[in-house]
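Q: Shown below is the structure under consideration.
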Amino acid sequence: MHKTSLWHLAVICLPVSLLGLEAQAQDVSALKADLARAGVDAGVSVTQISQGIVSGDGDRDWQTGGKVDATLRFDGAAFGLWSGLSVSVHQEWVYGEDVNAQGDGSLLPVNAMMGFPRLGGSDSETSIVVTQSFSDRLSVSAGKFNMLDAASRTPLLGGGGTSTFSHLGFAGPITGITPPYLLGVMGTLRTDTVIATVMIYDPRNAQDFEVIEDPFTDGVTVSLSTTFPVSLGGRPGFQAIRGVYSTQRGLNLNDIPQLALPPEAEAVAGEKSGRWYMAYSFQQYLFQQAQDPTRGWGVFGQFAISDGNPNTIESSVLVGIGGDSPLAQRPRDRWGIGYFRYNLSGALLDGLDAVGIDNLREEQGVEAFYNVALTGNLRLTGNLNYIAPGESARRNAVFAGLRLQASF
């Protein structure tokens, strides 16, 4: 039987298994409660996705794969250490096939969930972060960070590619200066008017074990972001400004595996010492549910620029609307629709043109999704991506996808 048919059969048979899944979820919840009393916060999610091109160039076979995420957080005080200490571990595995190399001409991954850690050369990855909270306002963290985790925590745009937007342009906006996995230190200070975050990290992708063994040999990157809570019409939101500077010389394209650029691009991009990036972002609730003010929907956006040399992304914009369902009878559903555009560096395009590659342009697209809460632990998401690919000779493409996630 064709793998797509197997997926469809699983969806058809889904209602039959919901009662059994709920019973298992209750057992897991009881186990999690026991662990929490012992100082361990544990979570597991399994996400299956089937996705394919329904219009445009490239392979039309639907690809089916999935991802398993396991998280553990240890409370230091519960283990006889000191108050405020915690250790967070995220282990992830991907399996099966994905649509990120379908020959449609896209430079950015349409499927962020399957893209990481796979684009860095492995199907599994471990992130470990040690945090010391000195108060409810000040904390310092150090270790190997998964930046898709950080992006997933924003209330309207977040999801990490597993539960909301699928495309990397939304799930983990690309900077060209921050690798998907990084080794470094982060400090966060919260006041009544601003949240300030400083990060100091190795500019290389920490999926390479050499970064762990011999850190900061290629330079250092410093990131400063300030987030300002904003209330409009009595509804919460925030606006943020981020600036990043790196001393790394040139640009190793292996450190930004989010981009599917031609091999010649590495020689063209690596010409300059030091690079910078700046971004302004916002998220603003327009509606809040009466029964739960922490849930609602609103607008979001991000506008970014960089030096453009050696950074391969010169500027970008993404805007959209989404969040929790406005339907009173479906309060736990999620939805969203957004537009993105990533402009390649003019210096990179000029350099590629000089070596005979003149078929690249900005990449832009639109994605829409709706996430149905089938039960307390099971979610089904349908999504569509319309992409104007970075390879100018390719036709605009439409991707359709169906994603099933069980979380415990």
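Q: So which helices of the chain fit the span-like rule, where a helix is a whole DSSP H run, its Cα atoms reach 20 Å or more along the axis, and its mean Kyte-Doolittle is at least 0.5?
A: Details: long enough: 14-37 (34 Å, 0.45).
Answer set is empty.
Q: Please sort 330-343, 108-121 by packing, taking for each peptide the average over its residues of neighbouring beta carbons within 10 angstrom, highest first.
A: On the way: 330-343: 19.0, 108-121: 24.4.
Those peptides, ordered most packed to least, come out 108-121, 330-343.
Q: Can you send over the carbon and sulfur percentage of the accessible area for the range 28-89, probe radius 1.4 Å, protein chains only?
A: On the way: 1840 of 3010 Å².
Answer for the range 28-89: carbon and sulfur cover 61 percent of the accessible area.
Q: Give the relative contact order (percent, whole number) for the chain; include only Cα pairs under 8 Å separated by 6+ residues.
A: Working: 1031 pairs, mean separation 59.0, N = 408.
It comes to 14 percent, rounded to a whole number.
Q: OK, next. Any chance you could check the Cα centroid distance between the range 88-137 and the range 277-319 for me, in angstrom?
A: Answer, in whole Å: 20.
Q: With every protein chain kept in the model, how would you rank Ile174, Ile321 by accessible area, 1.4 Å probe, largest at the top?
A: Ile321, Ile174
Q: Leaving ligands, DNA and RNA out of it, work out the accessible area of Trp297 with a 1.4 Å probe and give it in Å² to the nearest 10.
A: Looks like 60 Å² after rounding.
Q: Give me the accessible area per residue for the range 38-166, probe 1.4 Å, as a whole number in Å².
A: Details: 4990 Å² over 129 residues.
Roughly 39 Å² per residue, with all protein chains present.
Q: For n ≥ 4 DSSP H runs only, could you compute -39500 (n - 2.57) per run for the chain, divide by its residues and tell me the 222 nm figure to the nearest 500? Could you put the intermediate results ahead of the total?
A: Working: 8 runs with 68 residues, N = 408.
Taking each H run of at least 4 residues, the total per residue is -4500 deg cm²/dmol.
The values are calculated or read from the model by the stated rules, or taken from the named source; none is laboratory data. The model shown is predicted, which means the values in this text are computed figures rather than measured ones. Here Cβ is always computed from backbone atoms with ideal geometry, including for glycine, and neighbour counts include all displayed protein chains. When the accessible area is computed, the model is the full protein with side chains, heavy atoms only, and any ligands, DNA or RNA have been set aside. Shrake-Rupley method; radii C 1.70, N 1.55, O 1.52, S 1.80 Å.
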